[in-house]
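What follows is a single structure, written as structure tokens, with notes after it.
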There are 2 protein chains.
Amino acid sequence: MAVYTEVPDDEMAAFVARYGIGELLSAKGIAEGVENSNYLIRTTQGAYILTLYEKRVNPDDLPFFLGLMQHLAARGLICPQPVEDSRGEMLGRLAGRPAAIVTFLDGLSVRRPTAAHCHELGRGLAQLHAAGSDFAMERVNALSVPGWRPLAEQAGTEADKVSPGLARRVAAEIAVHEASWPQGLPRGVIHADLFPNNVFFLSDRLSGLIDFYFACTDAFAYDLAICLNSWCFEADSSFNLTKGQALLAGYESVRPLEQAEVEALPQLCRGSALRFLLTRLVDWLNVPPDALVKPLDPLEYDRKLVFHQRVLDAREYGLKR
Amino acid sequence: MAVYTEVPDDEMAAFVARYGIGELLSAKGIAEGVENSNYLIRTTQGAYILTLYEKRVNPDDLPFFLGLMQHLAARGLICPQPVEDSRGEMLGRLAGRPAAIVTFLDGLSVRRPTAAHCHELGRGLAQLHAAGSDFAMERVNALSVPGWRPLAEQAGTEADKVSPGLARRVAAEIAVHEASWPQGLPRGVIHADLFPNNVFFLSDRLSGLIDFYFACTDAFAYDLAICLNSWCFEADSSFNLTKGQALLAGYESVRPLEQAEVEALPQLCRGSALRFLLTRLVDWLNVPPDALVKPLDPLEYDRKLVFHQRVLDAREYGLKR
């Protein structure tokens, strides 16, 4: 979490002046997002986030991300809304980088979600899927099955230094999914990274969804699997069935799951646990030992994966069928 | 520039609830200040800065800093104003650290101050000196003459790796000031670090002074010398006389200098250049080569020091006498 690009206030003021959002009153680099530089700016008209896209983001993906936020906000989803400049462009350039301004959302992230939060989140996720259903653009999920083997190869045998036998376990798991990944499920825009830090609450009501920079076109139920992984496990990696029930019930209150999705859910949960295990593993092995920011523990997702491997039926996640 | 202590939003909300400033709506860690962790928070009543004091700040100094900001704000100076909790305390504890909430100030820092900015700054500095004149607490300037030899010893002969002969030049300069540092000048509260990044402007009018964590009791003219060093040199370390004139005229429009201060000014400028040369030198030698944040160049202040060593009279800084 860092500000990678320092932008002097006067350059920032000149950039902001091109948008019809009043005069710049303040700009603070915020320690949010590992991929980009973000500034919380205040103008005479309100608060906004100004983002500079750093090298880990492919500039070709930016029209998808910004177009999606615009599309979702227009359909009533509470998410950051890109602001157009005087020429109607959402994407600008600042300090040599692609840059955009989006509306600021109030809200707090919960560190330990309750079942009530999980229910809210489930509803919000289904609303996101519904709101995105008529979005015209597509983006391949680069972190789905075809992306896993290259990640495992990046880690290589170093994985065993993190946990003995991990490289072999990961290879076996990848083989399972390459052979039998569920096909033909209902699909559309998914958030693909809807962890608690990307969801805002005010007085226990969901007040916004943020960080759409992993969004892509994939199975809706895979997004649900990501949320089961990131919202319904306790700190000791045990699964909380009450939270699972709440998340699934919240989701189905807006968009009931089809039978094929129900049947696929255990494997989708395994796959999504593997996806976060792999990306965290690669980050873990690539961060210098004296880094200020500690990478996230890959083994948390190894433990979740083991849980999912033993699940036989989506009812074990709390689905009421 | 970093957030050293991550505070979960729910802990933050509980902390904020103890102050009479409404409910917490959002909290963003901001990349500001090299000493402390700062969060820009929004509540139902407005915007504030929540600071967690990290280990480089001596907790015994906090009542001075917070009391000073309260005192200055009460006298109309635009600076962050500490908020008292329900028991009337300005200093709390959060995440194991001393913590305080101050009002948020709008404003932008100028990277390349103009003469007009320097005039505003001069006026603001004199207003600060006037507003602090009846502040009851005292704090020794730990970075004045007695502090310089220990800093030079910390750098040692490593200094010569930064610039050949630097260790010897620094030792000679310290000896000069130890023998003849001006005594008996008008004194009181000084900011002691009023660089452009600590001064806010809106539409070219000074809109606030921030970061009082080097404030101490010392000669007013020494504060002026620090500003001459940090505001009136160009990027190539040449002195801009127009900006010097503006800064001094702005200052004297509020508080005319006494004759002893005028006479002492060249030496105070030398001393303050040496002070920033020394602290930057120590930081430079102690930062790992792969650090994300590059330390500030100590030699900028070596060049300024050489300029001041040749000044014979305060008129060379633009003083109209």
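Listed values, structure above:
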item	result
Close pairs (7 angstrom Cβ cut-off, 6 or more residues apart or separate chains): among the small types (Gly, Ala, Ser) in the range B:143-159, in a helix (DSSP H, G or I) and surrounded by fewer than 18 Cβ atoms within 10 Å (Cβ to Cβ) anywhere	B:ALA152/B:ALA171; B:ALA155/B:LEU285
Residue that is farthest from the chain's Cα centre (by Cα) [pool: residues in the range A:44-57 that are farther than 15 Å from A:ALA99 by Cα and more than 9 Å from chain B (Cβ to nearest Cβ)]	A:THR44
B:ILE41 open to solvent by less than 20 Å² (accessible area, probe 1.4 Å), within 13 Å of another protein chain (Cβ to nearest Cβ) and under 27 Å from the mean Cα position of the chain (by Cα)	yes
Test for A:ARG111: is it of a type outside the set (Gly, Ala, Ser), assigned to a loop (DSSP other than H, G, I, E, B) and over 27 Å from A:LEU52 (Cβ atoms)	yes
Every residue from the range B:117-163 that is exposed (fewer than 15 other Cβ atoms within 10 Å of the Cβ), of a type outside the set (S, T, N, Q) and either within 14 Å of chain A (Cβ to nearest Cβ) or not in a helix (DSSP H, G or I) (or both)	B:ASP134, B:ALA136, B:MET137, B:GLU138, B:VAL140, B:ALA142
Criterion: away from every other protein chain (no Cβ under 14 Å), without any contact (Cβ under 8 Å) to a residue 60 or more places away in the chain and open to solvent by less than 30 Å² (accessible area, probe 1.4 Å) - qualifying residue of A:LEU277, A:LEU265	A:LEU265
Of residues in the range A:215-250 being open to solvent by 20 Å² or more (accessible area, probe 1.4 Å) and modelled with pLDDT under 95, the one farthest from the other protein chains (Cβ to nearest Cβ)	A:ASP236
Some residue of the range A:3-26 being under 20 Å from the mean Cα position of the chain (by Cα) and modelled with pLDDT under 95	yes
Residues of the range B:169-191 satisfying the condition of being more than 22 Å from the chain's Cα centre (by Cα) and more than 16 Å from B:ARG270 (Cα to Cα)	B:GLY184
Residue in the range A:12-37 that is nearest to the other protein chains (Cβ to nearest Cβ), counting only those that are closer than 17 Å to A:MET90 by Cβ and open to solvent by 20 Å² or more (accessible area, probe 1.4 Å)	A:ALA17
Residue selected from the range B:164-192 under the condition open to solvent by 70 Å² or more (accessible area, probe 1.4 Å) and assigned to a helix (DSSP H, G or I), by the criterion farthest from B:LEU72 (Cα to Cα)	B:ARG168
B:GLU178 among the acidic types (Asp, Glu) and in contact with a helix residue (DSSP H, G or I) (Cβ under 8 Å, 6 or more places away or on another chain)	yes
Selected residue (only one of A:ASP9, A:ASP61 is in contact (Cβ under 8 Å) with a residue 12 or more places away in the chain and within 13 Å of another protein chain (Cβ to nearest Cβ))	A:ASP9
Of residues in the range B:70-109 being in contact with a helix residue (DSSP H, G or I) (Cβ under 9 Å, 6 or more places away or on another chain) and among the polar types (S, T, N, Q), the one nearest to the other protein chains (Cβ to nearest Cβ)	B:SER109
Failed condition for B:ARG93, given (1) within 21 Å of the chain's Cα centre (by Cα); (2) outside any helix (DSSP H, G or I)	(1)
First in the range A:100-125 and over 13 Å from A:THR242 (Cβ atoms), second anywhere and charged (D, E, K, R) and in a strand (DSSP E or B), Cβ under 8 Å, 6 or more apart	A:ASP106/B:ARG42; A:GLU120/A:ARG205
Set B:SER109, B:SER144, B:SER133: member being touching a strand residue (DSSP E or B) at 6+ places or on another chain (Cβ under 7 Å), closer than 21 Å to B:TRP181 by Cβ and of a type in the set (S, T, N, Q)	B:SER144
Members of the range B:220-236 that are within 20 Å of the chain's Cα centre (by Cα) and of a type outside the set (Phe, Trp, Tyr)	B:ALA221, B:ASP223, B:LEU224, B:ALA225, B:ILE226, B:CYS227, B:LEU228, B:ASN229, B:SER230, B:CYS232, B:GLU234, B:ALA235
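The values are calculated or read from the model by the stated rules, or taken from the named source; none is laboratory data. Every value quoted in this text rests on a predicted model; they were computed, and no experiment measured them. Cβ sites come from the backbone with ideal geometry, for glycine too, and all protein chains shown count toward neighbours. Ligands, DNA and RNA are excluded from the accessible area calculation, which covers all protein heavy atoms including side chains. Shrake-Rupley method; radii C 1.70, N 1.55, O 1.52, S 1.80 Å.
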